[in-house]
Structures are given as structure tokens and as C-alpha cells.
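These notes are about the structure you will find just below.
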Amino acid sequence: MKRIAIMGMGLMGGSLGLGLKARGFDGVITAYARRPETRQETLDRKIADEVFSDPAEAVRDADLVIYCTPILTIPSLVKESAKGLKKGVILTDVGSTKAELAHKVNAAIAGTGAVFVGSHPVAGSEQQGIDAARANLYAGALVVVTPEDPVREQRAVQTVESFWTDLDAHVSVITAEEHDRLMARTSHLPHLAASLLAATAGRDGAPDHIGRFCGTGFRDTSRVAEGSPDIWHDIVSTNAKAISMELKAFRSELDQLIGWMEAKEFEKIKRFLEVSRDCRRALMRHSPVD
């Protein structure tokens, strides 16, 4: 690839540019950023070689385009950039939900000759913005690639896989629907559970008093509740059915636990804690997270 366009210069997009530079990409990196100060910082930090305020100009002559904005904004950004897409260009993204997004993006690029293959790097931070961007964000991370038709899109899938592996990520190729079901359980449910924990602990105000008693357990289990509400609004609204199913499963476990508490069946609670510990250990043995 001679020219890569990164659309959006927040944590994810900025880290892509820094990662490509750090690994010696010798082509041209172009970027799109809406705010003038973000465009200036992109150049100051040498994240991209050229930065544009016009999406169509940012993607012109690009071989690969990566959309790194909140999920609900990606289809409209694709439409804005469509007139600059060359025939055969490959598009991907970094969004946390895939099925609804793929449908909308494919509609937006109909007739352009562009090919879209969704990506979701299971990486990130509760921090946001270009200031938080770092070159090693994707190193060691799992990236889920979700082609609509792996056979018809074989060249594009191979290109997207190579792009991520060149950033030292590990790639798994599955369907968009399977991705959304899995992420509802392993990512979206934990975020909402952390948000519920934070809201419950802080429900009567007085953070100056209650906060003094919040130790490492509260800090570690509620950390992801610091994530951007705007980003999580988009995630929840585009994967509501799968997330709702996982929340109901969570509620069922919670109701059972409350029942044991009220009946003073503490041996059952002990067994529940043992099973939960073993489940976590088994899951983490296969997790890419250290």
C-alpha cells in the first residue's frame, strides 16, 4: 500500500498513525479531522503526513481507508468521502459493533467500487482524544475482522488482516452477527455493569464522604465506567438486542444471589463464589489481556 487514510484523529485514529510510523510504513498517511486544533496537533506529533478538513480530499487516491469516529457517525462520513474514493479502495473501521454498521456503510458505497470489511480492535482506554494516542495501543491486541462475504472479498480481507498484523495485533475472522453477540457478553455487559456499580455506590451524593471508603476493589471494577458516554450511546443503540439478552442473564444471576442472601443460604453463596472464581480463571487463560 502506498497511501493510507485515517478518518478521525482521536485515541484510535491517532494511535493508528503513530503505530504505522513507528513500524516504518514508507507510504503516505493522510488524515481527516474536523477541528483545526486537532489537525494541527496531528501534524505537530507527526501522526500523519497530510491532514484535511474535507473527507473526500483525505481519502483521495488512498489504497486503504480506516474510519475511526463514533459508530453512528461513520456512515455519514463514508457518504461525505465517497466522491474521493478510487475504484477498488478497501475500507475498514474500528467500531465496537458491526452488523448494523456494515449494512449502512455498504449502502453508502454502492456503485463506488469500494469494498468494506469491518474491523474491531479489542483495545482502547477510558481516556479519549488525540492526546491519549500512543504507538503501541494495538500491539498484542485482538482485532476481529468481519467480512460480509469472505470468499468474494478475499483480497480485501487479506489486506485488512495484513494491516492489523503489521501493527502486531492478532486477527480473528468471524461474522458481524457473531461478533456482536460475543462483544455484548464480554465487553458491553461489563461496561454497563461497571456503570451500574458506580451509579449505585454514588447514588446519594456525598462523594467527599463515600469516596474515602472506595478502595482498589471499587476502583478496578468500576474503571471502565469512565468511558465516553457518547461512544457508549452508539454502541448500545447499535447492539441493543444482544446487550439486552446479556443484561437479562446478569439479572437472573443477581436475583438468585439476592434470594440466597435473604434465605441465609451462605453455603450456596460460597459455592457461587468458587464457581465464579473458576470461570474467571478459565476465561483469562484464553484472553489476550495480560
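The values are calculated or read from the model by the stated rules, or taken from the named source; none is laboratory data. All values reported here derive from a predicted model rather than from experimental measurement. FYI the Cβ positions are ideal-geometry reconstructions off the backbone, even for glycines, and counts take in every protein chain you see.
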Hey, Pro36 modelled with pLDDT under 95 and outside the structural domain of Thr238 (by TED's automatic domain parsing) or not
no
The condition from (1) within 21 Å of Leu167 (Cα to Cα); (2) buried (at least 17 other Cβ atoms within 10 Å of the Cβ) that Leu72 misses is numbered (1)
Looking at Ser222, is it of a type outside the set (Phe, Trp, Tyr), farther than 23 Å from Ala99 by Cβ, part of a helix (DSSP H, G or I) and in contact (Cβ under 8 Å) with a residue 24 or more places away in the chain? yes
### Query
Would you say Ala242 is modelled with pLDDT of 95 or more, outside any loop (DSSP other than H, G, I, E, B), out of contact with any Ser or Thr (no Cβ under 8 Å at 6 or more places or on another chain) and surrounded by 13 or more Cβ atoms within 10 Å (Cβ to Cβ)?
yes
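Here's the yes/no breakdown for (1) exposed (fewer than 11 other Cβ atoms within 10 Å of the Cβ); (2) among the basic types (Lys, Arg); (3) over 22 Å from Leu192 (Cβ atoms); (4) outside the structural domain of Ala123 (by TED's automatic domain parsing):
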{"site": "Ser252", "(1), (2), (3), (4)": "yes, no, no, yes"}
{"site": "Trp260", "(1), (2), (3), (4)": "no, no, yes, yes"}
{"site": "Glu265", "(1), (2), (3), (4)": "no, no, yes, yes"}
{"site": "Arg271", "(1), (2), (3), (4)": "no, yes, yes, yes"}
{"site": "Ser276", "(1), (2), (3), (4)": "no, no, no, yes"}
Taking the range 136-164 and keeping residues touching a residue at least 12 places away in the same chain (Cβ under 8 Å) and among the hydroxyl-bearing types (Ser, Thr, Tyr) leaves Tyr138, Thr146, Thr159
Residue pairs qualifying under the 7 Å Cβ cut-off, at least six apart or on distinct chains, with the first in the range 262-290 being closer than 18 Å to Arg185 by Cα and the second being surrounded by 10 or more Cβ atoms within 10 Å (Cβ to Cβ) and aliphatic (A, V, I, L, M), are Pro288/Ala141; Pro288/Leu142
Per the filter on the range 137-174, residues surrounded by 15 or more Cβ atoms within 10 Å (Cβ to Cβ) and assigned to a helix (DSSP H, G or I) are Ala156, Val157, Thr159, Val160, Glu161, Phe163, Trp164
- Query: Among the residues of the range 24-35, is there at least one that is touching a residue at least 12 places away in the same chain (Cβ under 8 Å) and in a helix (DSSP H, G or I)?
  - Reply: no
